[in-house]
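J.: Following this message is one structure expressed as structure tokens.
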Amino acid sequence: MASDRPPFEDVYRDYLGRIYAYVRAQVGTSADAEDITAQVFMNAYQAYDRFEPRNVTPAAWLFRIARNATLDHFRARGRRDRLQRTMEHQPEAEEDPSAMAEDRIQYQGLLAHVARLPERQRDAISLRHSGLSFDEVGHLMSCSEDAAKMLYHRALKALRDAVAGEEQAVE
């Protein structure tokens, strides 16, 4: 029923930043993220008359479109080394250059560990940190909420173990 749907302009305004941040984290360059985000909202606008809010939240619906658009982007460009893509992504600049450099090193190290996770664990981390609930993550990943929680927590444990192993190697 179309009356259950908020106006598309509200959905666009409410989710543009989150969708862009998700796509940007996946592709690593602003230009690609802007293009893909524009495509996501173009696709969403074209399909909005078929969107049923009683079946799925607007966030889950848009993130599914964003996930598919991101995958299409990489298919179109050919297979790339995921580690290289994530290493190109940089955190936002801070005021203190030394703190910024330290944060960038830590951020790149964490991204390198994330890039080594199995794909489903990477997706669970990325979607969850984009602000989606575990129920929405599960819906997007075609699994239950509990399975999404399990993937997320296994990914966090693997990241903790990797970082701890790295710290022990330095000592």
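J.: Starting at the first residue of segment 118-123, write each ³J(HN,Hα) from the Karplus equation 6.51 cos²θ - 1.76 cosθ + 1.60 with θ = phi - 60°, in whole Hz, x for Gly and Pro.
T.: So the Karplus estimates, Gly and Pro as x, are x, 3, 5, 5, 4, 4 Hz.
J.: Arranged by the count of other C-beta atoms within 10 angstrom, fewest first, what order do S144, S130 take? Write out the running numbers ahead of the final one.
T.: On the way: S144 13, S130 20.
The most exposed by this proxy come first: S144, S130.
J.: What is the calculated FRET efficiency for V163 to D4, with r their C-beta to C-beta distance and R₀ = 41 Å, to the nearest 0.05?
T.: 0.40
J.: Around R50, with a cut-off of 15 angstrom between Cβ atoms, what is the net charge of the other residues, counting Lys and Arg +1 and Asp and Glu -1?
T.: In short, 0.
J.: A follow-up question, please. List the residues of segment 27-46 whose backbone N lies under 17 Å from a point placed 7 Å from the Cα of D14 along the Cα-to-Cβ direction.
T.: 41, 44-45
Each reported figure results from applying straightforward, stated rules to the coordinates on display, with no laboratory input. This structure is a prediction, so every number in the text was calculated from the model and none was measured. Neighbour counts run over all protein chains shown; Cβ positions are idealised from the backbone, glycine included.
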